[in-house]
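The next block holds one structure in the form of structure tokens; read it before the comments.
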Amino acid sequence: MRYRGFERVKDASKDVKLPTRSDLRSAGYDIYSNEDAIIAPNTMHVFKTDVKAYMPSNEYLAIHVRSSIGIKKHLMLANITGIIDSSYYSNIQNDGNLLVALYNYGDESVEIKKYDRIAQGIFSSYYITDDDKPLSDIRTGGVGSSGK
């Protein structure tokens, strides 16, 4: 029985690299670029990783920038931290494709190559309140669909 992990989205090429941990004590799974890109100063690029994450319903995947990307390349996540809900998996809009939006706050363009590690994902549990009343029982789309 599968509990949590990563897999390719539908129609992804076979050369997609699934997230991996750097060592046995790494909390985060490194997420790889699936394309070459150049990010000019004060601009953002959205990377489609062609990877999706599955997890129990009481967990989420937090997406964080890798420290080397922020410190050495002056890149940050455009949304600061990404929260991937368990309901995002295989959604009808984009099959749960993990998107990583990097913003260049530096003074020089930054080149990202295919298979560069661009972010890291950490699985975490969350709790709900006693009087929890979600706006909907079912997710109907991808990015931003739960905030409509």
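The values are calculated or read from the model by the stated rules, or taken from the named source; none is laboratory data. Every value quoted in this text rests on a predicted model; they were computed, and no experiment measured them. Counting neighbours? That spans all protein chains shown, and the Cβs are built from the backbone with ideal geometry, glycine included.
Key figures
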quantity	calculated
Checking residue 93 against (1) modelled with pLDDT of 95 or more; (2) closer than 18 Å to residue 7 by Cβ, the condition it does not meet	(1)
Cβ pairs under 7 Å, 6+ apart, first in the range 39-64 and more than 22 Å from residue 114 (Cα to Cα), second of a type in the set (A, V, I, L, M) and in a loop (DSSP other than H, G, I, E, B)	61/55
Among residues of the range 46-71, those that are under 22 Å from residue 15 (Cβ atoms), of a type in the set (Phe, Trp, Tyr) and buried (at least 19 other Cβ atoms within 10 Å of the Cβ), counted	1
The range 83-93 - residue that is under 13 Å from the mean Cα position of the chain (by Cα) and touching a residue at least 24 places away in the same chain (Cβ under 8 Å) and, of those, surrounded by the most Cβ atoms within 10 Å (Cβ to Cβ)	88
Total residues in the range 16-60, condition among the polar types (S, T, N, Q) and within 11 Å of the chain's Cα centre (by Cα)	2
Restricting the range 97-125 to residues that are out of contact with any His (no Cβ under 6 Å at 6 or more places or on another chain) and aromatic (Phe, Trp, Tyr), the residue that is nearest to residue 59 (Cα to Cα)	123
